[in-house]
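Since the structure comes first, as structure tokens, the remarks are kept for the end.
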Amino acid sequence: MRKILLIVGLLFSISSAAQIVKGIDIIPGIDLREVDFSNSNLRGARLQEANLEDANLTNANMKWAELSRANLKNTIFINANLQNAKFDEAIIVDANFSGANLRGATWVDGSICKRGSIGRCVK
């Protein structure tokens, strides 16, 4: 897994897992395959159309994150906070949402995940 820090749309390699990337705009369609964002604070990050295939977002805080039209194939969201995140038209294939909080998230079909959406979107 690669580790990177995102600052105002720029990428910097780092060795620490404690990234803080709140509310940042990412270049649409950016390639973030296999990046290790575990334990990161990505609250409000705008990752529209990003390629997050095989990325690790275990325990990440992604509350209010924008993931519309993102590639989330094999993405790991174990125990991530995804409350109110937006997944409109995202490609979600074999992603692992075990223990992830999806309450209030907008799912790929535009529906809102209800209370009890832990590990899956309850519509």
ask   = Excluding VAL93 itself, what net charge comes from residues whose Cβ is under 12 Å from its Cβ, given Lys and Arg +1 and Asp and Glu -1?
value = -2
note = proj_area_mean for the range 51-123 (convex hull on C-alpha atoms), units nm², value 3.7
message = Quick check: net charge around ILE76, other residues with Cβ under 13 Å of its Cβ, Lys/Arg +1 and Asp/Glu -1?
response = -3
remark   = Filtered hits (aspartates and glutamates, Cα-Cα < 12 Å from LYS63, offset >= 8 within chain) -> none
Overall Cα dimensions of the range 57-97 - principal axes, largest extent first, Å = 21, 19, 9
request  = Output the peptides 106-116, 85-95 sorted from most to least packed, where packing is the average of other Cβ atoms within 10 Å over each peptide's residues.
outcome  = 85-95, 106-116
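Every read-out reported here was derived from the displayed coordinates using simple, explicitly stated rules and does not represent laboratory data. No experiment lies behind these values; they were computed from the predicted model shown. Positions of Cβ are generated from backbone atoms using ideal geometry, with glycine treated the same way; all protein chains shown enter the neighbour counts.
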